[in-house]
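J.: Handing you a structure now.
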Amino acid sequence: MGALDGKVAIVTGAGQGVGRCHAEFLASEGAAVVINDITDRAEIVAAAIVDAGGRAVAHRGSASSWADAEALIQCAVSTFGDLHILVNNAGFLRDAMVFSMDESQWDAVVDVHLKGHFAPSHFAAVYWRAQAKLLGEGAVLPQRRIINTTSESGLFGGPGQSNYGSAKGGIITMTLVHARELQRLNVTVNVIAPRARTPMTEVNPKFTKPETGFDKYDPANVSPMVAFLASDAASDVSGQAFIVLGDQVHRMQPTTILASVTAGATQWSVDGLIAAKDQLFAGAPSGVPVWGGPPM
Ligand SMILES: NC(=O)c1ccc[n+]([C@@H]2O[C@H](COP(=O)([O-])OP(=O)(O)OC[C@H]3O[C@@H](n4cnc5c(N)ncnc54)[C@H](O)[C@@H]3O)[C@@H](O)[C@H]2O)c1
């Protein structure tokens, strides 16, 4: 018995890296998996899963293309009869400082991450709403899942990544929006920030595989959390954000009021805000926040 027996999943950007690990792990837990990638690695990964005894089909296309995203959802339904789990993962980097970044770097990264999350989520939601209507008022709806992919850059603001950090921050907000909107369709929506050695990160020597002991940055370490969030055991978990690496899972609270001041039924003046400043920061540092992620 696998944790995902009978489920149908899509993983975008599953041709390599973290996405490939998710697809292989979901398949090993019993899910039938649609392997989306913009490259021909989609076919290679799907064939590897089938060779290992799992169920998988390749879908070559861009997660950020409206037409490809619609075809991706249809591929899951026409091949495996339904869709329960959407893992939005596809993406790439085009890093540059704010003064050096050009328009194409901005557009490409915002497109692949932000629209690349929204387009498949939109068409999955369209399908799930239609299914709920077919089942009728009061019916027990199947459990559905969206698992999004942010980054510590989206949580904390990575220098050199205006495009990527902004898009990944937007994905955290999109997760909250969709968690609220899709609750009535029995869809949970959560977001993870992975940290792993992949073609995206392997240039950084800190990710190097150790000669002995636990391989902390093996991308496969991230996938059990995705399978857990996809499983029926996580039906009460929604609108939540996690950093996942190695043997660690960190639950985040990206939107929290830390301190408040009120003017008292009148508009603030600048002098009033100057006077209230110490209370607003209450001894906490007021400069650029320290990086909040776990140490390497
Ligand atoms: N590796 C890390 O430490 C890390 C850290 C934070 C966030 N992430 C995020 O995790 C996700 C996976 O990253 P990774 O490290 O495995 O990267 P990767 O580069 O190894 O793999 C990304 C995959 O996405 C595919 N892809 C790119 N554009 C696509 C598109 N438009 N449509 C479909 N597929 C497309 C690529 O072909 C590739 O196979 C990304 O969203 C990334 O931002 C990774």
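Only the coordinates and a few stated rules stand behind these numbers; no lab work does. Remember, predicted model here, so these are calculated numbers, not experimental data. Every residue, glycine as well, gets a Cβ built from its backbone with ideal geometry; the counts of neighbours run over all protein chains shown.
J.: Rounded to the nearest 0.05, what FRET efficiency is calculated for SER104 and VAL290 with R0 set to 35 Å and r the Cβ-Cβ distance? Walk me through the intermediate numbers first.
T.: On the way: r = 33 Å, r/R0 = 0.93.
For R0 = 35 Å, the calculated efficiency reads 0.60.
J.: Can you list residues from other chains, or at least 5 along the same chain, whose modelled amide H is less than 5 Å from the amide H of ALA90?
T.: Correct list: THR12, GLY13.
J.: Starting from the coordinates of the alpha-carbon atoms of region 8-252, obtain the Kirkwood hydrodynamic radius over all distinct pairs and give the value in Å to one decimal.
T.: Values: mean 1/r = 0.0555 Å⁻¹.
Mean inverse Cα-Cα distance, inverted, gives 18.0 Å.
J.: Could you work out how far helix 116-135 tilts from the main Cα principal axis of the chain, as a 0 to 90 degree angle to the nearest 10?
T.: It works out to around 60 degrees.
J.: Right, something else. Where the only charges are on Cβ atoms (+1 Lys, Arg; -1 Asp, Glu), what is the dipole of region 185-296 about its Cα centre, to the nearest 20 debye?
T.: Details: 7 positive and 9 negative charges, 38 e Å.
For this selection, approximately 180 debye.
J.: Set the Förster distance to 35 Å, then compute FRET efficiency between GLN279 and ASP247 from the Cβ-Cβ distance, nearest 0.05.
T.: On the way: r = 41 Å, r/R0 = 1.17.
Efficiency computed from Cβ-Cβ geometry: 0.30.
J.: Taking DSSP loops as anything outside H, G, I, E and B, show the longest stretch in the chain free of GluC sites (Glu not before Pro) there with at most 13 other beta carbons within 10 Å.
T.: Values: sites that count: GLU137, GLU211.
That would be 1-136.
J.: What FRET efficiency, computed as 1/(1 + (r/R0)^6) with R0 = 41 Å and r the Cβ-Cβ distance, is obtained for VAL126 and THR39, rounded to the nearest 0.05?
T.: Numbers: r = 27 Å, r/R0 = 0.65.
Between VAL126 and THR39 the formula returns 0.95.
J.: Let me ask something additional. What is the fewest-to-most order of LYS168, LYS206, LYS216 by other Cβ atoms lying within 10 Å of their Cβ?
T.: Numbers: LYS168 27, LYS206 10, LYS216 18.
With the sparsest Cβ surroundings first, the list reads LYS206, LYS216, LYS168.
J.: What Kirkwood radius, in Å to one decimal, follows from the Cα pairs of region 141-296? Write out the running numbers ahead of the final one.
T.: Working: mean 1/r = 0.0550 Å⁻¹.
So the Kirkwood estimate lands at 18.2 Å.
J.: Going by how many other beta carbons lie within 10 Å of each one, how would you line up TYR127, TYR217, fewest first? Each step should come with its number before you reach the end.
T.: On the way: TYR127 19, TYR217 23.
Lowest to highest Cβ neighbour count: TYR127, TYR217.
J.: Going by C-beta contacts inside 10 Å, put LEU280, LEU86 in order with the fewest on the left.
T.: On the way: LEU280 13, LEU86 32.
Least crowded to most crowded, the residues run LEU280, LEU86.
J.: Stretch LEU134-SER78 to full length: gain in nm at 0.36 nm per residue minus the Cα-Cα span? Can you show the working numbers first?
T.: On the way: separation 56, 0.36 × 56 = 20.16 nm, distance 1.72 nm.
Residue separation times 0.36 nm, minus the Cα-Cα distance, leaves 18.4 nm.
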